[in-house]
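The values are calculated or read from the model by the stated rules, or taken from the named source; none is laboratory data. Small disclaimer: the values here were computed from a predicted structure and weren't measured. Using ideal geometry, Cβ is built from the backbone for each residue, glycine included, and neighbour counts are taken over all protein chains shown. Heads up: the accessible areas ignore ligands, DNA and RNA and are worked out on the full protein's heavy atoms, side chains in. Shrake-Rupley method; radii C 1.70, N 1.55, O 1.52, S 1.80 Å.
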Amino acid sequence: MTATEGGTALHGPGAAGGSRVTTRSRALRLRTVLNLAKVEAWLLFRSMLVLAGLLAGGLVIWLVIHPVEPVWWNASWEIGYGQLLLGMAVLIAAQLAAGRPRRDAMADLYASFPATAATRTVAHLTGLAGTVPASLLLIGGTAVAVEMLAPIGAPGVAALAAGLLLVIAAGAAGIAIGTRFPHPLAGVLAALALFVPFQQSNNLSGATVWLYPWVKPHQLGSLPGPPAGYPPPGHTPRNWPASPSWPGSRRSR
């Protein structure tokens, strides 16, 4: 049956052709997102801001942990302090990347590209994978440093993983801010806003503390009781009190 003999004959093949076009367009969009994401991930990976955040985070973790005998359930949270500084740097870098078109007065040029604004935003979010190596390096490097100090207990995997999620979430917040506010000052102010609750951690108590997962509960800095088999015979840990008073013991009452 030809087209002149009736339109029904073309309905089936036409639908199949439309389906193939839709599949190709989706594959093209996915390929575009991945290609753009590779570029953005590489830019974040070698960003001097991210490198500065990594170094600052490592320094802060070392200054907090090394003066005393570390306990892992406390150190795992303190490693998150360094992740917070890294996350602040990632937030600023991501905001600068997302606000690049409007900040450089090239929004019209970007609008003429085949990739839509939504596609570019998805690529930016996917490109946050470029910050994962820095976060993992911070976790791994500081974990090795803590182990060299003969800590008590074992690493808290959930707390360490939360630090990685904090870095990625900060980057996502930077992208959201950059798409609306391209000025670099917007990213700096947002990073400072992220840091304010950490500065006020001593004033947080009760249920509100759980709104800020990077703020360590105060009770984690003490031992719940004498750890069995620790310290080993003939070994006195650094800054270990001669007669420790454990919470709940007669001496502490």
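See the values below:
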{"read-out": "Per residue convex hull volume, Cα atoms of segment 13-154, in Å³", "value": "124 Å³"}
{"read-out": "Per residue solvent-accessible surface (Å²) - segment 109-179, probe of 1.4 Å", "value": "45 Å²"}
{"read-out": "Size descriptor, Kirkwood hydrodynamic radius, that averages inverse alpha-carbon separations across segment 61-141, Å", "value": "15.3 Å"}
{"read-out": "Rule-of-thumb Rg ratio for segment 125-179 [Cα; 2.2 N^0.38 Å; N residues]", "value": "1.38"}
{"read-out": "Cut-off 12 Å between beta-carbons: net charge of the residues surrounding ALA93, Lys and Arg +1, Asp and Glu -1", "value": "+1"}
{"read-out": "Phi to ³J(HN,Hα) by Karplus 6.51 cos²θ - 1.76 cosθ + 1.60 over segment 72-84, Hz, x for Gly, Pro", "value": "5, 5, 8, 5, 4, 6, 5, 4, x, 4, x, 5, 5"}
{"read-out": "Computed lengthening from LEU192 to ARG29, 0.36 nm per intervening residue step minus Cα-Cα distance", "value": "55.1 nm"}
{"read-out": "Simple label model, 7 Å out from Cα along Cβ direction - ALA158 to THR22, nm", "value": "4.3 nm"}
{"read-out": "Segment 79-146 - percent of accessible surface contributed by carbon and sulfur, probe 1.4 Å", "value": "72 percent"}
{"read-out": "Solvent-accessible area of LEU189 with every protein chain in place, 1.4 Å probe, in Å² to the nearest 10", "value": "100 Å²"}
{"read-out": "Largest to smallest accessible area among TRP72, TRP62 [probe 1.4 Å]", "value": "TRP62, TRP72"}
